[in-house]
Amino acid sequence: MTKIDLTPAFLIHRRAFKGSSLLLDFFTQEHGKIRLVGLGSRKSKTPLQIFQHMKISFSGRGELKSLTTWEADDQSRNLQGEILILGMYVNELISRLLQEQDPHTTLFDVYKKFISQITKLEQQARYWSLRLFENNLLSELGYGYDLESDVNGDEIVQEVYYKHKLQFGFVRSDTGKILGKTIQLMLSEDVSDVPDVEQLKMCRNLNRTRLQILLGNKPLQSRSLFFNK
């Protein structure tokens, strides 16, 4: 029988289950993505909050285990409007692309940082923070790029334009649209140093292309809520 006590986690999805129970999807620091049954959770006076860092305990036999206790380790976050949509999008990426019980401790920390700072950022910085999260997710899944060198092994140059070569990286090109400076900003991951609007769109399109390989033909529900972010 498995018994885990107070492991750091975020709730990323919930839905009704049998009777007054819920099926709860968590992204945990030590155990990756897991699905638990919350017995009687629909009647709880202190419901679990999505986007709130917490510590959870669970136990059981077989694949579907039960949430036994939880405690908030963070402030509650009532995300609204576009910020809520961005949070839903990130949660859906985790839900769709991570394997069950496959730990990603580095990505957990990146997610925690993203959630904690998203409400404090201006719009363009929020989009940039999202692009950086996508880059980290792709790297964790083995689809990351070398952001220091192009596909020929030459150092990325700030003032040069590059084309994206799918699943390989960047190649120097007079008809390229991604600036070397933008690629270097991806590497630095400084959320306060945001590319201009046009380069930010280039990063959006780049990551959508990269993610599409993993997502397949099934569209993301959250993406339908925002078409130009």
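The values are calculated or read from the model by the stated rules, or taken from the named source; none is laboratory data. If you're wondering where the values come from, they're calculated on a predicted model, not measured in any experiment. As a convention, Cβ positions derive from the backbone with ideal geometry for all residues, glycine included, and neighbour counts pool all protein chains shown.
Being small (Gly, Ala, Ser), outside any loop (DSSP other than H, G, I, E, B) and at pLDDT below 95: is that true of Ser224 here? Criteria met by Ser224. Residue pairs whose Cβ atoms lie under 6 Å apart, sitting 6 or more positions apart in sequence or on different chains, and linking a residue in segment 105-134 that is within 24 Å of Met54 (Cα to Cα) and in a helix (DSSP H, G or I) to a partner that is acidic (Asp, Glu) and modelled with pLDDT under 95, are Leu132/Glu189. Residue-level analysis places Leu107 outside the set of residues that are surrounded by fewer than 20 Cβ atoms within 10 Å (Cβ to Cβ) and of a type in the set (A, V, I, L, M). Consider segment 32-55 and keep the residues that are assigned to a loop (DSSP other than H, G, I, E, B) and surrounded by fewer than 19 Cβ atoms within 10 Å (Cβ to Cβ). The one that is modelled with the highest pLDDT is Gln52. Note on segment 56-87: among residues that are among the aliphatic types (A, V, I, L, M) and more than 17 Å from Lys112 (Cβ to Cβ), the one that is surrounded by the fewest Cβ atoms within 10 Å (Cβ to Cβ) is Leu64. Within segment 110-144, the set of residues being surrounded by fewer than 21 Cβ atoms within 10 Å (Cβ to Cβ) and within 14 Å of Phe26 (Cα to Cα) comprises just one member, Lys112.
Assess whether Thr46 counts as being hydroxyl-bearing (Ser, Thr, Tyr) and touching a His at 6+ places or on another chain (Cβ under 8 Å). No. Of the residues making up segment 146-189, those that are of a type in the set (D, E, K, R), in a strand (DSSP E or B) and buried (at least 19 other Cβ atoms within 10 Å of the Cβ) number 0.
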